[in-house]
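Enquirer: Pasting in a structure now, in structure tokens, and then I'll have a few things to ask.
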Amino acid sequence: MAVFSKTIGSPKIKVHHGKPSSPLALSIRLESPPIMLYGAPQDSSGSLISGLLFLEVNPTNKIRLDHVSLSLTQTVHYSKPFIIPSTSVAACPDCTTKKTVLARWDALTSTAEFSPGRHAYPFSHLLPGSLPASCKLGSHMTSSYIKYELVAEAVGQDIKHTKVVLPLDITRSILRGPDRNSLRVFPPTEVTASAVLPSVIYPKSQFPIELKLDNVVSSKMDKRWRMRKLVWRLEERTKVRASTCQKHESKLRQTEESQRKIRSKSPAKSNAGLHHSTIQTGMVMIPENESQPHEPDAGADGVEQEVEAPENDTTETERSRPIHVHETFVEDFLRDVSPTPAPTITPAVSNTSLQPPPTNSTTQLYLEEVRTVSHGEIKTGWKSDFSGRGMIELVADINLINFSTGVHNHIANASSDNHKSHDDDQGPIKGANVACDVEDPQLGIYVSHTLIVEVVVAEELISSEKRKRTPGLEPVPSNSSTVSSASTANLAPTSTGGSTASPSHSAGVPTGAARVLRMQFKVPLVERSGLGIAWDDEVPPTYEDVRSLSPPHYTESPSSISSVLQTPTVINGIGSTPLEPRVSRGLTSEIQDLTL
């Protein structure tokens, strides 16, 4: 129904389209800043959320309400490939959607009459730091997500069920610390690689990687490795614990039993050599007592997982694998590659890897997806130095500009009178192509990112260009040029038997053999922290915490303070020019003799 209103003094008529105002309107207004969890899940202090819940009653008449509540809910939606392969489970809403009430405020628990006007109810809650961030799980082919909402509901006899939903975006940020240094060895070659990476990475950004290859020349000085190209890719691994409702729990048990039989018969698959657009999905059984599912064994690729050390560098052993076809250089001839002795560096082993896995622990079924979210190739830009044992240095940028986690602008207000409904809003699923790191043992959801770097090196034989002379022949200086006595002495042969060679430049002859030096680095992907700080850091410090500006201790007796106060004649500023000119030594002695 259209309502016509005419403005005085204006011939124009304004027409307002829309539904008539309802007798009750619910609205939520947040007073807290955007929700940001600082630090790792096990170390974060959480985030505070506060606001006001408004009940606006139409001024025409009073209304009676039976119940008014506000709840903070967490919604986890599962879809393929994060649900077990069952048609009945995929069609069950209780199996695909799990809602958890994190906090609840009951503004009204019994029937009451509300007069016309605006009624406000404050609320606040401390969100735990272990909560997973709002994110979309998996690739673009899945609709799995984690989202949070503030839901206000009002039920009364005179009105219909009124509801308002305010979506919340919860993000996590880890402050960037010092860069990580990692050292890798690649037997049977003598090549060692050291890499420098940032401690955390951010979406829509670039981060550098510093790579240095040492011992590219063999100890016998007869072979060397020349770098041809570097290929990198960033993999996202998502693991979700399989869960169903009580009605379909038997389907889950059948899937677990079949997966145990398949696992005992077939070996673990490797993702090496696959195209970057390939999305791998599967199921894996993981012991229940493990806090986080470990990455599958990469022994087929000859790559061991990185063992993180808090302060020391990481030394690992990685086996390089030969490749038969190399397109970046011309193969002169082929021959068998003789193995070279392994370097003397001992690979570091984690203490946890030495402990045998428990035999009586129960296992749980996890559904996983591995995909490449970004990739690139570098063919130029490094520096090679083959003097001595040789060295290759490279500084490259990893591009993450196209990353989007689907986090929208902060929404601070929502009203039931607003025609835009957030009931069907899927939150971070819109426009998201990557998820930040998630580690939630309670929900069984884990998201991690791994940077894989592959360096292609080609083997070359070191040959020296030698100039041979016939024995018994001596060089004769030309009449047209004057030769010094020193140069004449150098031209004289040292011996009459055998051939001698002058110093020459070494050249590399490709052997046709090449290897791929493959490295893996776990890189946490988090949101930028911005200018905000954790809520527990906003408390002003005490006087004792600020030593240089703290007031004196009033417990001291006045007698401890000297009764005679002397004012210095010159006050010198620390690290700057004195405030007054210095008095000379002669004047100082005269001033001391003066008496007041």
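The values are calculated or read from the model by the stated rules, or taken from the named source; none is laboratory data. None of these values were measured; they are calculated from a predicted model. Ideal geometry is used to build each Cβ from the backbone, glycine not excepted, and the neighbour counts take in all protein chains shown.
Enquirer: List the strands (runs of 3 or more DSSP E) that sit entirely inside the stretch 80-128 and contain at least 1 residues that are under 22 Å from residue 46 (Cβ atoms), under 36 Å from the mean Cα position of the chain (by Cα) and in contact (Cβ under 8 Å) with a residue 40 or more places away in the chain.
Expert: Values: elements: 97-108, 112-114, 117-127.
Here the list reads 97-108, 117-127.
Enquirer: Something else: Residues being among the charged types (D, E, K, R) and surrounded by 21 or more Cβ atoms within 10 Å (Cβ to Cβ): count how many of those fall in the stretch 211-238.
Expert: Narrowing the stretch 211-238 to residues among the charged types (D, E, K, R): 212, 214, 220, 222-224, 226, 228-229, 233, 235-237.
With surrounded by 21 or more Cβ atoms within 10 Å (Cβ to Cβ) added as a condition, the list becomes 223-224, 236.
Selection size over the stretch 211-238: 3.
Enquirer: Ok, one more. Any residue in the stretch 438-459 that's in contact (Cβ under 8 Å) with a residue 40 or more places away in the chain and crowded, with 20+ Cβ neighbours inside 10 Å: show its pairings with residues that are among the hydrophobic types (A, V, I, L, M, F, W, C) and outside any strand (DSSP E or B) at Cβ separation under 6 Å, as long as the two are six or more apart or on different chains.
Expert: That search, which allows pairs on different chains as well, returns 447/435; 449/523; 451/523; 458/329.
Enquirer: With respect to residue 100, determine if the residue is at pLDDT 90 or above and exposed (fewer than 14 other Cβ atoms within 10 Å of the Cβ). Walk me through it before giving the result.
Expert: Values: at pLDDT 90 or above: yes; exposed (fewer than 14 other Cβ atoms within 10 Å of the Cβ): yes.
So residue 100 passes the test.
Enquirer: I'd like the full set of residues that are among the aliphatic types (A, V, I, L, M), closer than 30 Å to residue 49 by Cα and outside any strand (DSSP E or B), limited to the stretch 168-227.
Expert: Our first condition is that a residue be among the aliphatic types (A, V, I, L, M); within the stretch 168-227, this holds for 168, 170, 174-175, 183, 185, 191, 193, 195-197, 200-201, 209, 211, 213, 216-217, 221, 227.
Then drop every residue that is not closer than 30 Å to residue 49 by Cα, which leaves 168, 170, 174-175, 200-201.
170, 174, 175, 200, listed by residue number.
Enquirer: If only one of 27, 21 is at pLDDT 50 or above and assigned to a loop (DSSP other than H, G, I, E, B), which one is it?
Expert: On the way: 27 fails: assigned to a loop (DSSP other than H, G, I, E, B).
The unique qualifying residue is 21.
Enquirer: Still on this structure, I have one more. Find the residue count for the stretch 129-166, including only residues that are assigned to a strand (DSSP E or B) and touching a helix residue (DSSP H, G or I) at 6+ places or on another chain (Cβ under 6 Å). If you could, list the steps in order and put the result at the bottom.
Expert: Initial filter on the stretch 129-166 (assigned to a strand (DSSP E or B)): 135-137, 144-156, 162-166.
Next, from what is left, pick out any that are touching a helix residue (DSSP H, G or I) at 6+ places or on another chain (Cβ under 6 Å): 135-136, 145, 147.
Here the count works out to 4.
Enquirer: Contact list please: Cβ distance under 6 Å, first residue in the stretch 165-181 and among the hydroxyl-bearing types (Ser, Thr, Tyr), second residue surrounded by 14 or more Cβ atoms within 10 Å (Cβ to Cβ) and assigned to a strand (DSSP E or B), pairs at least six apart or on different chains.
Expert: Short answer, once both residue conditions are applied: 171/36; 173/36; 173/38.
Enquirer: Here are the criteria: (1) closer than 30 Å to residue 439 by Cα; (2) modelled with pLDDT under 90; (3) polar (S, T, N, Q). Tell me which single one residue 374 does not satisfy.
Expert: Going through (1) closer than 30 Å to residue 439 by Cα; (2) modelled with pLDDT under 90; (3) polar (S, T, N, Q) one by one, residue 374 breaks only (2).
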